[in-house]
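Please read the structure below before turning to the comments.
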Amino acid sequence: MRFNTSLLHGRKSGFDSTGATLPPVYQVSAFAHESAEELERIFGSRAPGFTYTRASNPTTAAFERRMAQAEGGAAAVSCSSGLAAVAMALLNIVQSGGEILSGSSLFGGTLDLFEDLKAFGIRTRFLPKVTPAAVEENMTPATRAVFAEIIGNPRLDVIDVRGVAAAAEKHGVPLIVDSTTATPALIRPLEHGAHVVVHSSSKYINGSGDAISGVIVDGGTFRWDFEKYPMLARYRSFGSLAYTARLRQDLCRNFGTCLSPQNAYLNCIGLETLGVRMERLCANALALAEYLRTFPALSDVNYPGLPDSPYRALTESQMKSGMGGAILTVRAGSKRRAFSLMDHLKYALIATNIGDVRTLVIHPASTIYALSDPRQRQSAGVYDDLIRISVGLEDIEDLKEDFAQAIRNMEQ
Ligand SMILES: *Cc1c(COP(=O)(O)O)cnc(C)c1O
């Protein structure tokens with residue numbers, strides 16, 4: 001089965017006998033059982049079943065199975081948001097005294113999270129460029145995870161997943177990638193050697209901008225050293241799935257980061273059309289990037305799928321059909337001009353999101369990166385005149401006309 005077919009006909013849910021094509025929404029908190037003995041067995045993981053939705057729920061489990069399949073992973077755990085997924089994916093294996101080695105080109109919320117982790121004794125070393133050499137040079141005995149976004153949001157730099165994963169693994173450390181902006185329609189990072197994939201599934205996976213959620217997919221390929229990762233030792237019996245076992249039975253349950261069944265259901269709908277949406281979104285993004293470059297009023301049109309992008313080679317070699325994602329950035333010359341251009345757009349909405357069906361624009365410096373210091377902004381590629389465009393499914397000619405009139409009418 002190829003990718004789009006598998007999204008529709010892949011692993012069936014296995015708990016529904018009605019033939020329903022989508023999982024029902026089990027909108028309940030608790031599950032009743034025939035006997036106290038049975039509940040004891042389920043609590044003790046000695047029998048399958050559900051107890052309480054913070055621990056697991058059939059609808060969220062259906063979404064998790066579908067995500068594990070879409071990424072070619074061994075198991076998936078869903079979370080209430082993308083940031084909850086990033087936090088849980090790391091806290092599952094990094095404790096006080098441990099270090100995260102991370103790309104510095106990150107989503108602003110993730111930068112803020114890493115700042116918060118300092119109070120828990122977890123430090124992050126930021127790499128300006130995530131290359132295999134940089135990873136090797138900056139490893140320390142305290143490093144417990146290498147973290148990077150595959151296509152950085154919004155710097156739009158692309159990492160060499162295979163090379164970086166190999167460099168991390170050489171030092172006994174897993175590579176955790178945030179693949180929100182790439183999605184499994186463009187790249188399945190686990191097949192390139194990454195060990196864990198996280199998503200803000202609020203974005204392209206949901207696809208309609210109607211639910212916040214996140215997901216962690218475990219490749220099940222990393223060989224955990226229980227001396228280096230003592231927190232996983234009690235899950236030794238799960239073998240290569242010790243990481244997922246601790247997430248499920250311990251961290252996500254105890255931090256209470258569960259996904260609501262309703263949102264899991266909405267994501268199941270979105271996931272089914274991910275492949276076709278990404279094709280159209282990426283085609284629109286490339287066409288809009290090429291068009292916007294023709295305007296002298298703008299500079300630095302950045303899109304990793306452009307033929308002369310420094311990331312073109314990595315896009316070609318790793319991403320399906322060389323697709324470069326659906327986000328591009330432009331520089332308008334000043335903050336005032338950036339605001340003016342945005343205010344003149346008719347179709348592109350001013351909103352802080354990506355991966356919607358609609359085109360969205362934002363001025364990252366004054367919003368998502370408002371809390372970041374100038375150095376963090378610089379390394380995340382956030383300039384005072386930068387506009388981020390998350391391209392939608394509109395007809396490309398309408399998008400071109402809209403941007404053309406906004407550029408014509410913007411303050412000079
Ligand atoms: C949006 C986003 C997040 C955070 O996800 P939420 O669902 O908003 O919590 C994390 N990483 C990237 C790359 C994102 O774009």
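Could I have the simple spin-label model distance between residue 129 and residue 290, label points 7 Å from Cα toward Cβ, reported in nm to one decimal?
Each label point lies 7 Å from its Cα, and together they span 2.8 nm.
How many angstrom lie between the Cα centre of the range 1-74 and the Cα centre of the range 347-361?
Using only Cα atoms, the two centres lie 32 Å from each other.
Could you check how much of the accessible area of the range 20-152 is carbon and sulfur, as a whole percent, using a 1.4 Å probe?
Numbers: 3030 of 5540 Å².
Here carbon and sulfur together make up 55 percent of the probe-accessible area.
Please list the helices of the chain that count as membrane-span-like by this rule: a mean Kyte-Doolittle hydropathy of at least -0.5 together with Cα atoms stretching 24 Å or more along the helix axis, each helix being a complete DSSP H run.
On the way: long enough: 274-292 (26 Å, 0.72).
In the chain, the long hydrophobic H runs are 274-292.
Take the alpha carbon atoms of the range 218-246, find their center, do the same for the range 109-169, and report the distance between the two centers in whole angstrom.
First find each Cα centre; the distance between them is then 21 Å.
In a shell of Cβ-Cβ distance under 11 Å around residue 357, excluding residue 357 itself, what net charge do Lys and Arg (+1) and Asp and Glu (-1) give?
So the surrounding residues net to 0.
With a 1.4 Å probe and every protein chain left in place, work out the accessible area per residue of the range 3-271 in Å², rounded to a whole number. Let's see the in-between values first.
Values: 10660 Å² over 269 residues.
Value for the range 3-271: 40 Å² per residue.
Quick one: what Rg and Dmax do you get for the chain from the alpha carbons, in Å?
21.5, 74
Please report, in cubic angstrom per residue, the volume enclosed by the convex hull of the alpha-carbon atoms of the range 274-409.
Details: hull volume 14.7 nm³, N = 136.
Enclosed volume per residue, from the Cα hull, is 108 Å³.
Just to confirm, what accessible area per residue do you get for the range 340-412 at 1.4 Å probe, in whole Å²?
Details: 3240 Å² over 73 residues.
On a per-residue basis, the range 340-412 sits at 44 Å².
Taking 0.36 nm per intervening residue step and subtracting the Cα-Cα distance, what contour gain separates residue 40 from residue 316 on full extension?
Details: separation 276, 0.36 × 276 = 99.36 nm, distance 5.25 nm.
Full extension from residue 40 to residue 316 adds 94.1 nm.
Sort 238, 63 from largest to smallest accessible area, using a 1.4 Å probe on the heavy atoms of the protein chains.
Values: 238 90, 63 0 Å².
Greatest to least solvent exposure: 238, 63.
Any idea what the relative contact order of the chain is, in percent, if you count C-alpha pairs under 8 Å spaced at least 6 apart? It would help to have the intermediate numbers written out before the result.
Working: 851 pairs, mean separation 71.2, N = 412.
In percent, rounded to a whole number, it is 17.
Tell me the label-point distance for the pair residue 228, residue 370, using the 7 Å Cα-to-Cβ offset, in nm and rounded to one decimal.
About 4.1 nm, to one decimal.
Determine Rg/Rh for the range 244-348; Rg is computed over alpha-carbon atoms and Rh is the Kirkwood hydrodynamic estimate from the same atoms. If you can, show how the numbers build up before the last one.
Numbers: Rg = 19.4 Å, Rh = 17.1 Å.
Here the Rg-to-Rh quotient is 1.13.
Tell me the carbon and sulfur percent of the accessible area for the range 274-409, rounded to whole percent, probe radius 1.4 Å. Intermediate values should be presented prior to the final figure.
Numbers: 3030 of 5760 Å².
Using a 1.4 Å probe with all protein chains present, the range 274-409 comes out at 53 percent carbon and sulfur.
Could you tell me the number of lysine pairs in the chain with C-alpha atoms less than 27 Å from each other, where the two lysines are 8 or more residues apart or belong to different chains?
Counting lysine pairs in the chain gives 19.
The values are calculated or read from the model by the stated rules, or taken from the named source; none is laboratory data. As the structure is a computational prediction, the values presented were derived from the model and not from experiment. Counting neighbours? That spans all protein chains shown, and the Cβs are built from the backbone with ideal geometry, glycine included. Accessible surface areas use protein heavy atoms only, side chains included; no ligands, DNA or RNA. Shrake-Rupley method; radii C 1.70, N 1.55, O 1.52, S 1.80 Å.
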